[in-house]
Structures are given as structure tokens and as C-alpha cells.
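First the structure, in the form of C-alpha cells, and then the observations on it.
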Amino acid sequence: MANTCVFCGEKAGSREHVLPQWLRRQAPEKFAKAGGTRTIRTKQGEYRQIAELFATATVKCVCSTCNNVWMSDIEQRVQPFLYHVMLGRPVTLGADEQTALATWAMKTSMMMVQSSVLDDLTMIPRADYLQLHRHGQPSMRRTTARALYVEPPGDEHQHEWGTFHGRRIGGKTNGYSVILRTGALAVQFTSLRLEPGYEIARYGENGQQLRLWPTTEAFSWPPPTPTPNDELASMHPARVWAKKRKA
């Protein structure tokens with residue numbers, strides 16, 4: 001548990017839900033009360049399942065101002081459509097919805113990391129927390145994201161509501177790649193530490209994935225081809241790379 005807010009550096013004292021309580025209120029009662037698990041990645045690179053009811057995990061790593069102001073605003077922006085996306089229902093997402101979803105997924109990934117002492121708390125660097133706090137969205141120069149449709153394992157009696165996979169990227173371009181799955185929605189972020197004059201290349205689009213960040217033209221969710229849940233952990237982040245920015 002952090003002593004200072006991971007975003008602004010003030011004293012941490014506000015308890016933030018990893019997944020929002022309003023999602024729990026929207027979910028069917030049988031699903032919300034079913035026995036569930038959350039999968040985390042340890043510092044040793046192993047994955048462990050934690051018994052947990054849907055949308056009940058909390059973490060005390062933010063201050064009350066961040067939690068109740070801009071973080072609350074992120075939740076309000078995705079509230080009209082997020083639950084439908086998580087269930088795999090047809091939804092059209094324009095640029096505003098894509099920005100809201102990408103920002104929410106990044107914030108939730110950060111809370112997923114912070115929610116357990118078993119996780120590598122430095123997987124997502126301090127610079128990306130500051131980016132989200134100061135600008136209210138992921139970096140358009142250093143970060144790209146794609147959305148995938150996954151048939152989540154389990155049913156209304158036993159389910160695995162969330163998985164989080166992450167790996168560092170070494171070599172000439174240091175960075176990281178993380179995949180957050182909540183229900184049928186999986187979002188993969190790749191973020192690189194780049195020299196001035198360079199930017200990250202964007203994820204493309206095909207029948208299995210939709211480019212989520214930076215935003216593109218409005219698209220229909222879900223993509224036509226689902227991604228098997230057991231393939232998420234092995235997805236390679238290095239399909240994106242650094243390139244020189246256009247003048």
C-alpha cells in the first residue's frame with residue numbers, strides 16, 4: 001500500500017475500487033454474488049488466482065482529491081456503455097468513447113497493479129501515472145492500445161472476472177506491455193520510453209482487434225473474430241515500434 005498518492009504525491013488515504021461499484025450494481029445478482037477469481041502476475045513472472053467477488057477489490061493508494069474528482073470523472077464517462085462492452089453486446093464507439101475507454105482501461109490497469117503486494121509495482125512507470133493525472137488520458141506519442149473480444153471463462157456460478165498480464169520491453173526502446181481483461185473486453189497497452197523526435201507506431205486493425213488508442217474513426221464493437229482467453233498471456237507486445245515523427 002502506497003503512503004503517498006501514486007498520481008499526485010499527496011498523502012494517500014482514499015480507498016479506490018479496482019473495478020467500480022456501479023458495475024457490480026449493474027450486473028445480474030447471481031453473477032455479482034457468484035464466487036469469482038482475479039488473476040495477478042507476481043514479481044517472479046508467475047500468475048496466481050485470488051478468490052474475490054466481482055467488483056469488490058479495493059486499494060488504498062490514492063488521495064481523496066484524485067479519487068473524487070478526475071478519477072470519478074473517468075468512471076462517469078464510461079458508465080453509459082462499459083457494461084455492454086464487457087458483455088460483448090453490440091456498441092458503436094466514436095472518438096469520445098474510445099478516449100474514455102482507453103483512459104479508464106489505463107487507470108484500471110494501474111489500480112490492478114497497485115491492488116496486490118504480489119504484483120511488480122514498477123511495471124507501469126511513474127511517468128505514465130503523471131501523464132494520466134496531468135492530461136487526463138494516455139500519451140498519444142508514447143502509448144498505443146488495441147481492444148479485443150474474449151469469451152470470458154466461467155458462468156454465472158463461477159467466473160474469472162479479470163486478468164492482468166504484463167511484461168517489460170528491453171533493448172533500444174525500453175517500455176512495457178500490459179493486457180487488462182474485464183469480462184469480454186481485453187485491452188492491450190504498449191508504452192515505450194522514446195527519445196525526442198520519435199513516436200510509437202500504432203496498432204493496426206483486423207477482424208480480431210480494433211485500434212483503441214490513439215483514437216480512430218467510429219467502430220462497431222465487438223470485432224467479428226474472438227480471441228481465445230488462453231492466448232492473452234502469450235501475446236507479443238513488439239508488433240509496435242518507435243518511428244520518427246513527421247515534421
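None of the figures in this text is laboratory data; all of them are computed from the coordinates on show. The structure presented is a predicted model; accordingly, all values stated were derived computationally and were not measured. In this analysis, Cβ positions are derived from the backbone assuming ideal geometry, glycine residues included, and neighbour counts consider all displayed protein chains.
Would you mind getting me the FRET efficiency between residue 29 and residue 64? Use the beta-carbon distance for r and R0 = 41 Å, nearest 0.05.
It comes out at approximately 0.85.
Which entries in the list 30/60; 60/107; 11/107 go over 22 Å, if you measure between the two C-alpha atoms of each? Walk me through the numbers before you get to the answer.
On the way: 30/60 28 Å; 60/107 14 Å; 11/107 19 Å.
Exceeds cut-off: 30/60.
Taking 7 Å along the Cα-to-C-beta vector as the label spot, tell me the residue 83-residue 49 distance in nanometres, rounded to one decimal.
Modelled inter-label distance: 2.6 nm.
Peptides 74-80, 207-213: what's the order by average Cβ count within 10 Å, highest mean first?
In descending order of packing, they fall as 207-213, 74-80.
At 0.36 nm per residue, and after removing the present C-alpha to C-alpha distance, how many nm does the segment from residue 168 to residue 234 gain when stretched out fully?
Extra length from residue 168 to residue 234 when fully extended: 22.4 nm.
Go ahead and run the numbers for FRET between residue 195 and residue 122, Cβ-Cβ distance against an R0 of 30 Å, rounding to 0.05.
0.90
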